[in-house]
Amino acid sequence: MTEFCGIELAHPIVNGSGTFDAIAARRAFGDALLERFPFAAFVSKTVTVAPRQGNPAPRLWELPGGMINSIGLPNKGLDGYLAEDLPKLAALPVPLIVNVMGFTREEVARLVEAFAARDEVAALELNVSCPNVKTGMVMGADPGETAALLDAVRQLTVKPVVVKLTPNCASPADVAEAAEAHGADAVSLINTLRGMAMHPRRHGQPWLGGGTGGVSGPAVRAVALVQVAEVAARVSVPVIGMGGVQTGRHAYDLREAGATLVAVGTESFRDPLAGSRIAAELAEIEGRNLASSGAISA
Ligand SMILES: Cc1cc2nc3c(=O)[nH]c(=O)nc-3n(C[C@H](O)[C@H](O)[C@H](O)COP(=O)(O)O)c2cc1C
């Protein structure tokens with residue numbers, strides 16, 4: 001068992017928000033999904049107050065080591081999520097962590113308040129990779145913005161609040177420190193790195209409909225490792241590490257760097273059961289290490 005902010009989890013592997021559609025998977029695999037659910041907790045895709053269509057196509061560009069996505073956070077909005085998605089996600093056999101994002105602190109507060117009242121929700125994750133339309137600053141790119149956001153929402157819930165840090169800033173460790181000082185119960189990182197691809201035929205135009213996108217997958221693994229190590233060294237709250245994890249060894253490396261939990265994102269597009277495989281590989285490595293350190297005699 002792994003303990004995270006007072007929540008008991010069967011193992012340390014969860015999903016990265018937006019990379020595993022549990023509702024579609026349940027439709028495709030039926031109850032077999034519930035019997036073999038690949039993650040120890042489920043992190044939902046980002047929910048916003050208003051429904052969003054997402055960005056125009058094309059939304060993906062494949063890279064030699066991952067992809068760039070410009071999905072644009074399509075979702076049903078708070079009311080649609082509460083009415084349609086929450087009952088389905090509450091039926092999963094693992095705790096539910098709801099990821100939310102707002103364009104103002106007031107919007108984030110509204111989302112936090114709404115989910116604070118729902119017993120089905122074990123914890124909240126704040127996606128702060130988004131500009132505050134009132135200040136023009138990305139909420140998670142500046143320690144002062146992050147502190148002000150937590151001051152606005154922290155007292156609205158007793159549930160654990162996880163701040164999902166962006167790698168697209170001067171110092172994620174400074175932001176993590178501010179998040180902890182203003183009441184965050186945990187931090188998670190990394191979100192995607194900004195990137196773009198040129199259109200192969202249309203001169204001077206970007207490929208992605210949204211212009212730019214977020215880079216994920218093996219290409220970002222080394223960035224994730226150094227940022228997780230730096231953040232974990234600066235905060236005492238638990239860290240959820242992610243970025244390019246494909247194997248138990250990669251998850252182990254992030255745990256060695258200081259992560260309590262490890263999230264699998266892009267790899268689940270290739271193999272929807274990657275989470276279970278990685279959890280089993282990690283358990284084997286950690287079991288083996290315990291045995292070789294003498295903590296367990298063979
Ligand atoms: C297609 C796609 C959609 C994503 N959607 C979200 C999202 O809705 N909210 C969020 O906080 N992160 C989102 N992410 C970021 C992932 O949760 C994760 O932080 C990132 O991809 C790094 O992990 P990975 O390299 O294992 O994919 C998305 C990533 C991808 C590839």
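The values are calculated or read from the model by the stated rules, or taken from the named source; none is laboratory data. None of the values given here were measured: they were computed from a predicted structure. Cβ sites come from the backbone with ideal geometry, for glycine too, and all protein chains shown count toward neighbours.
Scanning segment 46-69 for residues that are part of a loop (DSSP other than H, G, I, E, B), in contact (Cβ under 8 Å) with a residue 40 or more places away in the chain and either on the phi > 0 side of the Ramachandran plot or more than 9 Å from the ligand (Cβ to nearest atom) (or both) yields Thr48, Val49, Asn55, Pro56, Ala57, Pro58, Pro64, Gly65.
Pro64 meets each of the listed conditions (1) surrounded by 14 or more Cβ atoms within 10 Å (Cβ to Cβ); (2) over 28 Å from Arg118 (Cβ atoms) apart from (1).
For segment 216-231, the candidate set comprises residues that are touching a strand residue (DSSP E or B) at 6+ places or on another chain (Cβ under 7 Å) and among the aliphatic types (A, V, I, L, M); within that set, the residue that is farthest from the ligand (Cβ to nearest atom) is Val231.
Considering the conditions (1) within 12 Å of the ligand (Cβ to nearest atom); (2) closer than 28 Å to Pro74 by Cα, Gly209 is excluded by exactly one of them, (1). If you go through segment 233-276 and keep only what is more than 12 Å from the ligand (Cβ to nearest atom), buried (at least 24 other Cβ atoms within 10 Å of the Cβ) and over 23 Å from Arg288 (Cα atoms), you end up with just Val239. Can you tell me which residue is modelled with the lowest pLDDT among those in segment 130-144 that are surrounded by fewer than 20 Cβ atoms within 10 Å (Cβ to Cβ) and not basic (Lys, Arg)? This residue is Pro131. Filtered by the rule that a residue be touching a residue at least 12 places away in the same chain (Cβ under 8 Å), assigned to a helix (DSSP H, G or I) and among the small types (Gly, Ala, Ser), segment 1-42 gives Ala22, Ala25.
Within segment 169-201, the residues that satisfy the criterion of being in contact (Cβ under 8 Å) with a residue 12 or more places away in the chain and part of a strand (DSSP E or B) are Ala186, Val187, Ser188, Leu189, Leu193, Arg194, Gly195.
Being crowded, with 19+ Cβ neighbours inside 10 Å and not charged (D, E, K, R): is that true of Leu9 here? Against the criterion (crowded, with 19+ Cβ neighbours inside 10 Å and not charged (D, E, K, R)), Leu9 qualifies.
What number of residues in segment 83-105 are crowded, with 16+ Cβ neighbours inside 10 Å and either of a type outside the set (D, E, K, R) or within 12 Å of the ligand (Cβ to nearest atom) (or both)? So the answer is 14.
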